Every structure is written in structure tokens, then in C-alpha cells.
Amino acid sequence: MTTVAPRGRAARAQGPGGAPTRGRARGWRIDRRYLPVVGTLVVLALILVVGGARYDNFLSVGVLANLFINNSFLIVLAVGMTFVILTGGIDLSVGAVLALSSVTAAYLLNAGLPAGVVVPLVVLIGSVIGLLIGAMVHVFEVQPFIATLAGMFFARGLCFLIAPESIPITDETFVALAGWDTWVAGQWRVTSSVVIALVVVAVAFYLLHYTQFGRTVYAIGGGEASARLMGLPVTRTKVLVYVISGTCAGLGGLLFAMFSRSGYSLTGVAMELDAIAAVVIGGTILTGGTGFVLGSVLGALVLGLIQTIITFEGTLSSWWTKIVIGGLLLVFVVLQRLLAVRRT
Amino acid sequence: MTSSDAAGRPVVEMTGISIEFPGVKALDQVDLRLFAGEVHALMGENGAGKSTLIKALTGVYGIDSGEILVDGAPQRFSGPGEAQAAGVATVYQEVNLCENLTVAENIMLGNEPRRFGAIDWRATRRRAAEHLATMGLDIDPSSSLGSHSIAVQQLVAISRAMVVDAKVLVLDEPTSSLDADEVARLFTVVRGLRDRGVAILFVSHFIEQVYEISDRMTVLRNGARVGEFPTAEITRAELVSRMIGRTMEVLDDLQVRTEHTVDPAQGSTPFVRAVGLGRRGGVRPFDLEVYPGQVVGLAGLLGSGRTELARLLAGADRADSGSLELQGRPARLRNPRAAIGHRIAFSSEDRKGEGVVGDLTVRENIVLGLQADRGWLRRLPGKQVDEIVDRYVRALNIRPADPDALLRNLSGGNQQKVLLARWLATAPELLLLDEPTRGIDVGAKAEIQRLVADLAARGMAVLFISAELEEVLRLSHRVAVMRDREKVGELTNGPDVGVDDVVELIASGGDH
């Protein structure tokens, strides 16, 4: 019978004189599935090295800790987006939902509702919008692009209906929650937003890799018709990914409100595109089926680091961030393309 | 191996199954019985209802009437998941697995062993490896499925089916993309499963394979059951004629056939001469000549490689062996445009998908080919368009005779005539007609046949493909016979050549 080593590389990776043991030389051989993520890791390291060489204090613990603090909401958005993109969909509504959630939080807190009610409520708003979008995609078979575009306009419009101008948040409980922090190893500052973001990442990782729901997400991305014929719950899963993405956006709004201590209708414009960029730079393929949530986290950190570098440079316009991100996106998409071509 | 009827109750008993699609009766009172430890072949031409019957069994389609008993209990599955849970597993023709996932996942997905609610990956891989081992398959369960051949993927799909301890395994065209060794390997696995008491429903176009593997067969034709036969008791010729049916139609007044006593091939240069032309996975290398003024019929069951052969001549697929001569000069057809440039027209059997454009009018559809030929910048003058359209609408008797009617509102036969008109307007020298008369009514059929005969009489070379042998014989000067993706023989048509001769050639595979 055929013995099929997964890749020729496996044999070569045995090392000089190594016994040709079939199977997995795990540990140091890089599975090609992880290649895009490794690429992201390399880019991340490169930026750190370049930044460290050019600027004093760049490689300080403070800068790195702030990287997580300033990008916690983007990480959460990217995590939600990963689920959707893995199924081959897209969610354009997350920036607007983030704004809606933060504006609602500010408005309700201002109106005197306790933080204990407001916090779960605004997250729930995101879930409900996600559910509506999922239903649109499933029941009316609307393209995800269009359904989430509609969701985006809807959420953005609601923001202005609630409050056209910025609302500062003064609720004590909320401010205390937002201001909570702790020092890991005495130097690394971790805020409540970072903790929340990391919990979200951990939950997402568990869902994607250790539950049937998560594996169905990957299966749908690999081939929806196949997944259906394999008897997997395709419909439920497809709706759920939008609920997850919406929930993440709602949570992201909460984090943003904690970050800015206010709610403003114009926050998060085009932030959905940042989230998509983070996911793609993190190695997830837009057609679905391949990618990792940890990659998306790395992608979000890459975007944050580019921003940091441009701040350090001082004289550069912050729009350079966009140009660099654009270039990186291109590089990564071409890289994925090449990998895909070599696979076939 | 064949268990007699007395050996017990069938595992699956479908009785009086009817399914109706808008305007079409897809299945009409069909019965099917599957016994444990038996391979049951489901035979029939395309459109006979095999796939529909399978989908009725596995819950993809709901049934309008009839009863499905699994293990004696009435069942109506609402989807593949439910059918699997009840022990009815299916492996589809296109391997329906996810290439982006690992082999282990593809086998176990939906049935992963868990620990504390989380998927236990180590146990998943181990169980997958066990299932692979029973298939005699030694591959790394954590390799990705996409890195394996179709044959291996097919076996992985069967492994998946066995995870749920299937009592019934449905194999829908499992061998269509496998080579001989891979088929042998698949059959070893199938026999193993049969001996373990699994009831197997095997669907294939390949007659030899059916005879090799099956114990019993059910033949369908036009959505109805022709009969159930033990494989050992039905000859190949009998089977073929039962699949095709002998519906002598009221066409014999055409008298076309008598005109064909003289073969125009004598002494001239063939318009097309193929030597050893073939394509891996499509059709085995074949030789074929078509002369100007000659109609060559291509007979064979569906899936025998007829369409694949025509596609090579039309430039729709590229040949990977052999050579082609057009009018005595070597030529290579890299794409359909090149073929059109050589004045070869290909009318596809997939009228809707590869032929007419439903949302355009009759007029637009007819001049489409001609306009494309001229290039988009040199627009056909309106007057000329009207003239051409008018001529073909009249010549082919297209109904309604309204050039502005939307094509999708025409009947199948008239759509076919429009498609034909489009190619004729480009004045081809070789016309490849793939199933031009399928699914159209008798009158339109006769008109198209008459037209083909006329065109040949005026010097056009025609390759005529049809599942209806009477039709092929009525029109052709020569008949090439295809079987199992191979050209197995050629007959010179004449008054004493009958359908039986062709059936025999198909059934025997030319080795007599």
C-alpha cells in the first residue's frame, strides 16, 4: 500500500544520516500550513529590530506593553473577523458596530444606568446586529459583503440618532474598570482592556481548535457544499460566525470607550478595514478555510507597531501608516498566492 | 455471495418512490432493495434518475410519494446528517471532503472523540489511523487531504463513511476519475466491506466494473424502474439495450438513411484526421477521420468518452498525446478560438451552460458567433443581421418565429435550433454536434436530423453524437463506437447494419 509522507520536506528534515522514520518530526519542522503565520512573525521581529536599531527606548517594555494596550480593541475586532473570513465571508459592519456600542455605553452611563447593566448590554447590541446580519446572509441569501454593508450603515446611522456629539464618560464604576491595571513582573503594565482582549483570544482559540463548531468553520471555508454533505451543521455555524463577529465588535466598542473615556459617533470609521488587514497580514486567506486566530493577533500587532514606528519617527505624517500597511498587505496576498500555486 | 431473497429482509427497501420537479417527473414509482453483504449496482443513462434516487435515499431531496424502510423501520431523512446517523453513508462522485483540513479531520469531523468537552486530537488521529488501516491505507492522518491523489481521497471518504458504522454505503460514480490500479484497490476495499455485511449501492457508467463488483443490479430508464436482475443472469447486451430502451419512433419516414449508401470518403482528403489523439483523464488515444460531406456518428453510453472526444476536436480541452491534421495540414487546437478559426463549430450537449444565452433574444443569440468572429469593433449592419436571422428562423423552422423573443422562453428543441443556427451562420466546415436532439420533442428532432443530412449533402463534415442509436444509424455514414473512455471500434453504415450490431460492439468492447 502507498506510504505517503506528507511532504518531500519531511524526508529532508530528517537531518544527515537520520534514520528514515516515517511520520512527524514535530517540533522544528515547519508545517506549511503555519508558513503565513511564521511570515507574520518574521515581519513583526523585523520591525522590532529595525525600530530598536533606529530609536532609543523603542525596545523598552513600556512601548511593548502600550502596543497591547493601544490595540486591544483592534485585536478583539480581528479575532471576530477571523471567524467570518475563515468561512469565506466578510464583515464590513464591525467599525460601525464598535462606534454604536461605545456611543450607547457613553449615553446610557450618562443617563445614570449602572455600569453593571450597561457593559453587558452594549456587548449584546453587537451580538444582535451580528445575528441580524447572519440571518440576512442565511435566510435571504444576501452576499455577506452587501449584508454587512447594510449593517454598517444601519449601525452608523443609529450612532448619530443617539448622539451626534462626543459624550464624555464620568461613571465612577466604569472609569475605575477602565483605569484598572496591574504590573506583570513589576514592569509590564497590563490594563483591564488587555486582559479582556487576551481572554477573547483564548476563547476564540479554544472554539476554533477544540470544538466541533470551530472545525465546521474551517470545513465551510474549505467547501460549503462538502461540509453540508458531510452532515455538518452548516447553517447554524454560518449564522454563528456573524454573531461572534458582532459580539466582538460590541466588546471592541466597550474597550474603545474604556480607552477614550468617551463615546463618539465618528469613531471607528474604516476600522473594519484595519481588522480585515490584520487578519490577512496574519495569514488568513480571504477565500476561507485557512488561517489562525493567533495569526490575526500578530497581524493586529504588526499594524500597531507600524503606527508606533511612525510616531517615533516624529516628522512623518501618520498617513504613512496606511501606505506601509498597503504595501504589507500586497506582499502578504502575493505570498499566499504563491503558496496556493505551489500547493496545486 | 448473492443472498437469495429468502436470506432475509433487505436493509433498505424503497417502494413506489416518486419525485417531481417543476414540469418533470424525475422518479416515477421506483423500487429499490439493498441487502446486507451485497453490492447492488444502479444502472441507467444520464437523466434516468440514478442521482435523484440516491438523493432521495440520503435525504438530500424530499420524496413526493413512496416509502423508505431502513432495517424495517420507515424513515424520511431531512438531510445527509440524519441519514448518516441512521447508518446510510454516501460517497459522492466529486469527493465531498475538505482539502484544507487534515486526513484525520476529514474522517472524524462531526464524530471527534472528546475529553472534557474539547476535541481530543490525539484520540482523533489514532481513531482515524485505525479506520485508514482497515482500508489498507497507510498515510499520515495529520497530513492535509489536498496533498493526496483523488483515489486516496476517495478511500478517505469511505473511511469517513465507516466511522459512523454505516450499514449502507452509497458509492456514486466512485471510479470516474481513477485509473485501473486505483479501481482495483477501491474494489478490494469494497469487497472487504461487503464481506463485513455492509449493503453497498454502486453507481457507475463503466459496465465492466459493474460486472466485476456487483451481485445484483437495478436498471432505471427515464425515471422509471426497468427491473432488478442478478448480475450473473443478465448479459451485457441485454443490459445495454435495457438501459437505452428501444423506442422506435415515428421518424422512419425520413428516409434519410437510404441516401447514405455512398460514402463520400472515397478518394478525398479528410477534413480532420486524428492520430492517437487523447487526453489523460478524458479519453484514451484514438484515431478518427471525418471527410467533407460525411456524417460520422459517435455511439456509446453516456460517460463513455463521446463528449471528451468532441471537446478535443473543438479545442475546448487540450490533447496531451497524438496529433491532429486539418485538411491535410498538421494543426494544434489550443483553445476554442483556434478551432473556430479553422471553421470548426462545437455545439455542446450542455445547452444551458455552454450554449445559448437565455436572457438574450433569438436574434442576438443567432448572430453572437458571427459577431464574435468579426471582432466586436466591426458591428454587423442591422440589415444584414435581420437577413441572416430571418433566413435561419425560416430554414430551421424556429418557433415562435419572433427574433425578439427571449431565448429562455423557447422550448428546448427550439433553443437547440437557435444554437445550431448560430454555428451555421459562421459557415463551419466541421460541425461537432453533441446530443443535439436530447430532451426535445419528436418533431423538432426530425427537423434537426433532416438539417444535418442536408448540411452533409452540401459538403460539411459532421460529427454527430447521440445516445439514441437509431438516430446515429439513420444519419451516419460511419459509426465510431466508444466505451469506457476509449474508441473500441468503427462500423461502416449500410442497410444491413442495425442497432443490435452497435449494441453488441458497445457490450463486447470490440474484442470479438
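The values are calculated or read from the model by the stated rules, or taken from the named source; none is laboratory data. It should be emphasised that the depicted structure is a prediction, and the values quoted were computed from it without experimental measurement. Reconstructed Cβ throughout: ideal geometry from the backbone, glycine too, with neighbour counts over all protein chains shown. Protein only, heavy atoms only, side chains kept; ligands, DNA and RNA dropped before computing areas. Shrake-Rupley method; radii C 1.70, N 1.55, O 1.52, S 1.80 Å.
Residues whose amide H comes within less than 5 Å of that of B:Ile119, counting only those at least five positions distant or on another chain, are A:Thr211 (H built at 1.01 Å from N in the peptide plane).
In this structure chain A gives 45 Å² per residue of accessible area when probed at 1.4 Å with all protein chains present. Output the residues of the range A:195-239 meeting this criterion: accessible area (heavy atoms, 1.4 Å probe) in the chain alone minus accessible area with all protein chains in place is 40 Å² or greater. Those are A:Tyr210, A:Gln212, A:Arg215, A:Ser226, A:Leu229, A:Met230, which lose 40 Å² or more relative to the chain on its own. Applied to the range B:205-220, the Karplus parametrisation 6.51 cos²θ - 1.76 cosθ + 1.60 on θ = phi - 60° returns per-residue 3J(HN,Hα) values of 7, 8, 5, 4, 5, 4, 5, 6, 9, 8, 9, 7, 9, 10, 9, 10 Hz, with x for Gly and Pro. For B:Val226, nonlocal amide neighbours, meaning residues 5 or more places apart or on other chains whose placed amide H falls under 5 Å from its own, are B:Val219, B:Leu220, B:Arg221.
Sites listed here are trypsin sites (Lys or Arg not before Pro) in the range B:74-115 whose DSSP assignment is loop and whose Cβ has at most 15 other Cβ atoms within 10 Å: B:Arg76. Evaluating 6.51 cos²θ - 1.76 cosθ + 1.60 at θ = phi - 60° for every residue in the range B:28-39, the Karplus couplings come out as 10, 6, 8, 10, 8, 10, 10, 10, 5, x, 9, 9 Hz, glycine and proline recorded as x.
As a fraction of the 1.4 Å probe accessible area of chain B, surface on carbon and sulfur atoms comes out at 47 percent. Taking a ≥ b ≥ c as the square roots of the eigenvalues of the Cα gyration tensor, the range B:333-376 is oblate, since a/c reaches 1.5 or more and a/b is not larger than b/c. Taking the convex hull of the alpha carbon atoms in the range B:283-413, what volume per residue do you get, in Å³? Measuring per residue, one finds 147 Å³ for the Cα hull of the range B:283-413. The gain in end-to-end length when the B:Arg115 to B:Ala338 segment is fully stretched comes to 74.2 nm, 0.36 nm per residue minus the alpha carbon separation.
For the protein assembly as shown, DSSP calls about 60 percent of its internal beta bridges antiparallel. If you take the alpha carbon atoms of the range B:338-476 and fit the smallest convex hull around them, that volume is 105 Å³ per residue. Solvent-accessible area per residue in chain B equals 41 Å², computed with a 1.4 angstrom probe and all protein chains kept.
Using the Cβ of B:Asp317 as centre and a radius below 12 Å, the other residues enclosed give a net charge of +3, where K and R count +1 and D and E count -1. On chain A, 69 percent of the accessible area sits on carbon and sulfur atoms, based on a 1.4 Å probe. Three principal axis extents describe the C-alpha atoms of chain B; from largest down they are 77, 50, 44 Å. Amide hydrogen proximity for A:Phe292: with H placed 1.01 Å from N in the peptide plane, the residues at 5 or more positions away or on another chain lying under 5 Å are A:Thr284.
For the residues A:Gly179, A:Gly289, A:Gly126, a GNM of chain A with alpha-carbon springs under 10 Å puts the largest fluctuation on A:Gly179.
Report note on the peptides B:415-427, A:52-64: ranked by the mean count of other C-beta atoms within 10 Å, highest first, their order is B:415-427, A:52-64. Burial here means at least 20 square angstrom less accessible surface with every protein chain in place than with the chain by itself, probed at 1.4 Å; in the range B:136-179 the buried residues are B:Gly136, B:Asp138, B:Ile139, B:Asp140, B:Ser142, B:Ser143, B:Ser144, B:Ser147, B:His148, B:Arg160.
Across chain A, the longest piece that holds none of the GluC sites (Glu not before Pro) lying in DSSP loops with up to 11 other C-beta atoms within 10 Å covers A:166-344.
Relative to one another, the C-alpha centroids of the range A:198-226 and the range B:124-156 are positioned 22 Å apart. Applying 0.36 nm per residue to the separation of B:Asp138 and B:Ala395 and subtracting their alpha-carbon distance, the gain on full extension is 86.2 nm. List the residues of the range B:67-109 whose accessible area drops by at least 10 Å² when all protein chains are present, compared with their chain alone, using a 1.4 Å probe and counting only protein heavy atoms. Relative to the lone chain, where solvent access is computed with a 1.4 Å probe, the range B:67-109 loses at least 10 Å² at B:Pro80, B:Gly81, B:Gln84, B:Tyr92, B:Asn96, B:Leu97, B:Cys98, B:Asn100, B:Leu101, B:Thr102, B:Glu105, B:Leu109.
I need the fraction of alpha carbon pairs in the range B:114-171 separated by more than 19 Å, rounded to a whole percent. When all Cα pairs of the range B:114-171 are counted, 32 percent exceed 19 Å.
Couplings 3J(HN,Hα) of the range B:75-90, computed from phi: 9, 9, 6, 9, x, x, x, 5, 4, 4, 4, 8, x, 10, 10, 10 Hz, in residue order, whole Hz [Karplus 6.51 cos²θ - 1.76 cosθ + 1.60, θ = phi - 60°; x for Gly and Pro]. Largest GNM mean-square fluctuation among A:Ser317, A:Ser102, A:Ser192, using chain A with Cα springs under 10 Å: A:Ser317.
All other residues whose Cβ lies under 13 angstrom from that of A:Thr216 are scored, Lys and Arg at +1 and Asp and Glu at -1, for a net of +1. Its convex hull of Cα atoms gives the range A:234-344 a direction-averaged projected area, equal to a quarter of the hull surface, of 9.0 nm². Taking A:Val331, A:Val195, A:Val184 in turn, the Gaussian network model of chain A (Cα-Cα springs below 10 Å) assigns the largest fluctuation to A:Val184.
Please report the net charge: other residues with Cβ closer than 14 Å to the Cβ of B:Ala161, K and R +1, D and E -1. Summing Lys and Arg as +1 and Asp and Glu as -1 gives +2.
Where q = 0.07 Å⁻¹, what log10 of I(q)/I(0) comes from the Debye formula for the protein assembly as shown, counting one point per Cα? Log10 I(q)/I(0), no solvent term: -0.72. Reported value for chain A: 167 Å³ per residue, from the convex hull of its C-alpha atoms. The value of relative contact order for the range A:49-205, using C-alpha pairs under 8 Å at least six residues apart, is 34 percent. Chain B and chain A together bury an accessible surface of about 2700 square angstrom, both sides counted, with a 1.4 Å probe and no ligands or nucleic acids included. Relative contact order of chain B: 15 percent, from C-alpha pairs under 8 Å at least 6 residues apart in sequence. Based on the Cβ-Cβ distance of B:Val497 and A:Val333, what FRET efficiency does E = 1/(1 + (r/R0)^6) give at R0 = 60 Å, to the nearest 0.05? The computed FRET efficiency comes out at 0.50.
Working from Cα pairs under 8 Å separated by at least six residues, relative contact order for the range A:63-151 is 34 percent.
For the range B:347-427, take the convex hull of the Cα atoms, compute a quarter of its surface area, and give me that in nm², please. Projected area, direction-averaged: 4.9 nm². Histogrammed with a bin width of 5 Å, the alpha carbon distances of the range B:5-244 distribute as 1, 6, 14, 18, 19, 16, 12, 7, 4, 1, 0, 0 percent, first bin at zero.
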